[in-house]
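The values are calculated or read from the model by the stated rules, or taken from the named source; none is laboratory data. All values reported here derive from a predicted model rather than from experimental measurement. Glycine gets a Cβ as well: all are built from the backbone with ideal geometry, and neighbour counts include every protein chain shown. These area figures cover heavy atoms from the full protein model, side chains too; ligands, DNA and RNA do not enter into them. Shrake-Rupley method; radii C 1.70, N 1.55, O 1.52, S 1.80 Å.
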Amino acid sequence: MKKRFGIDIDGTVTRPDTMVPYLNKAFQLNLAYEDITEYDLFPFVNVPKEDFTKWFIETEPLIYSESILAEGAKDVLEKWTDQADLYFISARSNRLLDVTEKWFSTNKVIYNHLELVGSHDKVATAKKFAVDLFLEDKHDNAVAISEECKIPVILFNTPYNQDPVPDRVIRVNNWQEASHWVNNWMAEKPLTIK
């Protein structure tokens with residue numbers, strides 16, 4: 001029986017440095033990717049929070065339509081399609097569904113289901129779709145999903161997710177490392193990890 005993988009989009013399937021050029025241009029900054037040491041981007045800009053939120057909402061469609069695939073992501077995802085159904089679960093708002101579907105089509109990324117939850121809380125969605133494994137870049141999401149769903153979560157290493165993680169959260173540096181871990185895990189065919 002096929003497994004079901006829950007997969008985040010931004011910073012996981014897309015490059016985690018995607019936001020940096022947009023921030024630099026919009027706010028006349030000179031940030032490097034390594035400077036982004038927390039997930040919330042607001043502390044890195046020099047404008048009121050309301051202004052940043054307005055800019056982000058207005059700019060999201062452009063950013064998401066131009067996002068670049070993380071190196072190796074497409075090849076690994078294609079290889080997994082024989083073993084698993086790919087459920088992309090994103091914090092993006094549902095108003096971005098058309099932009100998101102177009103991006104998947106343009107980049108020829110295969111998926112079984114696309115769920116835009118409009119919130120960073122993905123636990124309920126991971127449970128709803130009974131995913132066996134999750135891939136994520138946001139630290140607290142990875143920890144919450146692993147602990148509440150009792151499943152392994154692959155956490156892609158970034159400067160903004162370096163807090164400690166529990167045993168079920170597996171840090172990887174790239175899609176090749178993720179593929180290696182998942183292939184070994186699939187070979188063991190566990191029902192769950194307790």
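Listed by first and then second residue, the pairs with beta-carbon distance under 7 Å, at least 6 apart or on different chains, first residue in the stretch 21-36 and farther than 24 Å from Asn157 by Cβ, second open to solvent by less than 80 Å² (accessible area, probe 1.4 Å) and not polar (S, T, N, Q), are Ala26/Trp55; Phe27/Val45; Phe27/Val47. Of all the criteria given as (1) closer than 20 Å to His120 by Cβ; (2) of a type outside the set (Phe, Trp, Tyr); (3) open to solvent by 30 Å² or more (accessible area, probe 1.4 Å); (4) without any contact (Cβ under 8 Å) to a residue 40 or more places away in the chain, the one not satisfied by His139 is (4). Here Ser65 meets each of (1) outside any helix (DSSP H, G or I); (2) in contact with a helix residue (DSSP H, G or I) (Cβ under 7 Å, 6 or more places away or on another chain); (3) closer than 16 Å to Thr14 by Cβ with one exception, condition (1). Residues of the stretch 113-136 that are assigned to a loop (DSSP other than H, G, I, E, B) and free of Cβ contacts under 8 Å to residues at least 40 places away in the same chain: Val117, Gly118, Ser119, His120, Asp121. Of all residues in the stretch 53-66, those satisfying the criterion of being under 17 Å from the mean Cα position of the chain (by Cα) and either small (Gly, Ala, Ser) or open to solvent by 70 Å² or more (accessible area, probe 1.4 Å) (or both) are Ser65, Glu66. Taken over the stretch 82-110, the residue count meeting the criterion of being hydroxyl-bearing (Ser, Thr, Tyr), within 20 Å of Asp137 (Cα to Cα) and without any contact (Cβ under 8 Å) to a residue 60 or more places away in the chain is 1.
Right, Lys150: at pLDDT 95 or above, basic (Lys, Arg) and either buried (at least 22 other Cβ atoms within 10 Å of the Cβ) or under 17 Å from the mean Cα position of the chain (by Cα) (or both) or not?
no
The set of residues from the stretch 118-128 being buried (at least 17 other Cβ atoms within 10 Å of the Cβ) and over 13 Å from Ala142 (Cβ atoms) comprises just one member, Thr125.
A quick yes/no check of all residues on (1) of a type outside the set (Val, Ile, Thr); (2) open to solvent by less than 10 Å² (accessible area, probe 1.4 Å); (3) under 30 Å from Glu188 (Cα atoms); (4) part of a strand (DSSP E or B):
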site	(1), (2), (3), (4)
Gly6	yes, yes, yes, yes
Thr12	no, yes, yes, no
Val20	no, no, no, no
Asp40	yes, no, no, no
Val47	no, no, no, no
Asp51	yes, no, no, no
Phe88	yes, yes, yes, yes
